[in-house]
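The values are calculated or read from the model by the stated rules, or taken from the named source; none is laboratory data. Since we're looking at a predicted model, the values are computed, not measured. Here the Cβ positions follow ideal geometry from the backbone for every residue, glycine too, while neighbour counts run over all protein chains shown.
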Amino acid sequence: MFLSLILYILASGLGETGKEPRRMGNEILCFCAVLEILGDTLEQVESLSFYLRRSVATQDTA
């Protein structure tokens, strides 16, 4: 996220020639968003897996 901010600042100083750093900054920002969503999803899967194992263990003891 910090890198994308630096690229945006660099691009604004370069004017019209700063399109590529600005584009790279946008791509990095999008990639960070995807990683955040992936991390959240993996945490949800891990929690669900825990509850499913706990449920099966409870049913086994009943």
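Criterion first (at pLDDT 75 or above and in a helix (DSSP H, G or I)) does L38 satisfy it?
Numbers: at pLDDT 75 or above: yes; in a helix (DSSP H, G or I): yes.
When the stated conditions are applied, L38 passes them.
Within segment 23-62, track down each residue that is over 30 Å from L5 (Cα atoms) and either of a type in the set (S, T, N, Q) or in contact (Cβ under 8 Å) with a residue 60 or more places away in the chain (or both).
Those that are over 30 Å from L5 (Cα atoms) and either of a type in the set (S, T, N, Q) or in contact (Cβ under 8 Å) with a residue 60 or more places away in the chain (or both): S47, S49, S55, T58, Q59, T61.
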